[in-house]
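One structure is given below, encoded as structure tokens.
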Amino acid sequence: TQVVQAGLSAVLVEGAVAYATGEREAATKLLANVAVRTLPRLLVAPVALAQAATIEEERGGTVLAILDEARLSAPGTLAEEAALRRSVDLLTRDGAVTEAIAMLAKYLWRFGGSIHADAVLSRAVSAIAGNPRISDQIIGVTSSLKRLEPDVRNEMWLAIAQVSVGQGALDLVRH
């Protein structure tokens, strides 16, 4: 009853506890229908991140929208950084190269000094260079990279070229 008096639903609290204790199935069921925009502002990002973590495998597009809620509700925070990292990973996994590069550029612009930045860049570049359709999307990649600072842009092109050579994707290196 104290939870309900504080304005939080018992379902939300039970879902948070299930997520925190590693009960993925229970957390998924309990958090799936929580409308994060109706929560107090300080709870939007953590609940959205938990929601995204529980449904990630099933609905990629929905997860990206939830991650957008998390990052936009907590600008400049670890929640925004985590949401950007996860978005880059999802987009690269789904083969959305242009969108992944744009999100990666945003991540590097905002959190390029993070201890996670090198790992995010490495994973994204490997996935992008390994994408069989990358040559078809090179114009979008090039325009996305133009938004970056010259040093960061050159670092990304170098990383893409190195991975591409290693994977035998020489068409990408020629661009």
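The values are calculated or read from the model by the stated rules, or taken from the named source; none is laboratory data. Keep in mind that what you see is a predicted model, and the values were worked out from it rather than measured. Virtual Cβ from ideal backbone geometry, glycine too; neighbours counted across all protein chains shown. Only protein heavy atoms, including side chains, enter the accessible area calculation; ligands, DNA and RNA are left aside. Shrake-Rupley method; radii C 1.70, N 1.55, O 1.52, S 1.80 Å.
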Point to revise | Matching residues in the stretch 81-126 - criterion: being among the small types (G, A, S) and in contact with a helix residue (DSSP H, G or I) (Cβ under 8 Å, 6 or more places away or on another chain) | key: A82, A83, S87, A100, A102, A105, G112, S114, A117, S122, A124, S126
**Study point:** Positions within the stretch 84-103 being more than 17 Å from A53 (Cα to Cα) and either in contact (Cβ under 8 Å) with a residue 60 or more places away in the chain or touching a Leu at 6+ places or on another chain (Cβ under 7 Å) (or both), in sequence order
**Key:** E99, A100, I101, M103
Review point. Taking the condition of a type in the set (A, V, I, L, M, F, W, C), surrounded by fewer than 18 Cβ atoms within 10 Å (Cβ to Cβ), part of a helix (DSSP H, G or I) and modelled with pLDDT of 90 or more, does L43 pass?
Key: yes
Point to revise | Close pairs (8 angstrom Cβ cut-off, 6 or more residues apart or separate chains): within 15 Å of L78 (Cβ to Cβ) and free of Cβ contacts under 8 Å to residues at least 24 places away in the same chain in the stretch 113-124, open to solvent by less than 70 Å² (accessible area, probe 1.4 Å) and of a type in the set (A, V, I, L, M) anywhere | key: A117/L108
Check your understanding: In the stretch 16-40, which residues are part of a loop (DSSP other than H, G, I, E, B) and more than 18 Å from T62 (Cα to Cα)?
Key -> T21, G22, E23, L39, P40
Review point. Does A50 satisfy being more than 30 Å from L148 (Cβ to Cβ) and modelled with pLDDT of 90 or more?
Key: yes
Study note, to complete from the structure: Requiring at least 1 residues that are at pLDDT below 75, open to solvent by 40 Å² or more (accessible area, probe 1.4 Å) and out of contact with any strand residue (DSSP E or B) (no Cβ under 7 Å at 6 or more places or on another chain), the helices (runs of 4 or more DSSP H) wholly within the stretch 60-175 are 60-73, 138-145, 150-167, 170-174
